[in-house]
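Structure first, commentary second.
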Amino acid sequence: MLNIHLALEFSKIVVRELQRVREKRGVSKKQLSEKSGVSRAAITMIEAGERNPSLYVMQALASALGCKLSTLIAKAEKEIAVQ
């Protein structure tokens, strides 16, 4: 059975990792928007936890940052396993 709390926490961790990568690489939200096709407003809302992105959007953002979504998901899986 799906634990909705765990699913939401998992999503938050993936988004946090995506934001960490963006900031580490010095990419602004505007630049990420231009590269990914996702609006800057949507990126802001996603990073603030006000919007839950689809896998399609997460893939677009990860690809625009030059990282694999699977890597971000694996990090989230490890973190959830520790909790």
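Below are the figures for this structure:
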{"item": "The listed residue being under 24 Å from Glu9 (Cβ atoms) and not acidic (Asp, Glu), out of Ala64, Ala60, Ala41", "result": "Ala60"}
{"item": "Residue that is surrounded by the most Cβ atoms within 10 Å (Cβ to Cβ), among those in segment 9-27 that are free of Cβ contacts under 8 Å to residues at least 40 places away in the same chain and over 8 Å from the mean Cα position of the chain (by Cα)", "result": "Val27"}
{"item": "Top-ranked residue in segment 54-65 [being touching a residue at least 24 places away in the same chain (Cβ under 8 Å) and out of contact with any Lys or Arg (no Cβ under 7 Å at 6 or more places or on another chain); ranked as nearest to Glu23 (Cα to Cα)]", "result": "Leu61"}
{"item": "Among the candidates Ile73, Ile43, Ile80, residue that is of a type in the set (Val, Ile, Thr), modelled with pLDDT of 95 or more and part of a helix (DSSP H, G or I)", "result": "Ile43"}
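The values are calculated or read from the model by the stated rules, or taken from the named source; none is laboratory data. Remember, it's a predicted structure, so these values are computed and weren't measured experimentally. Positions of Cβ are backbone-derived with ideal geometry, glycine not excepted, and every protein chain shown enters the neighbour counts.
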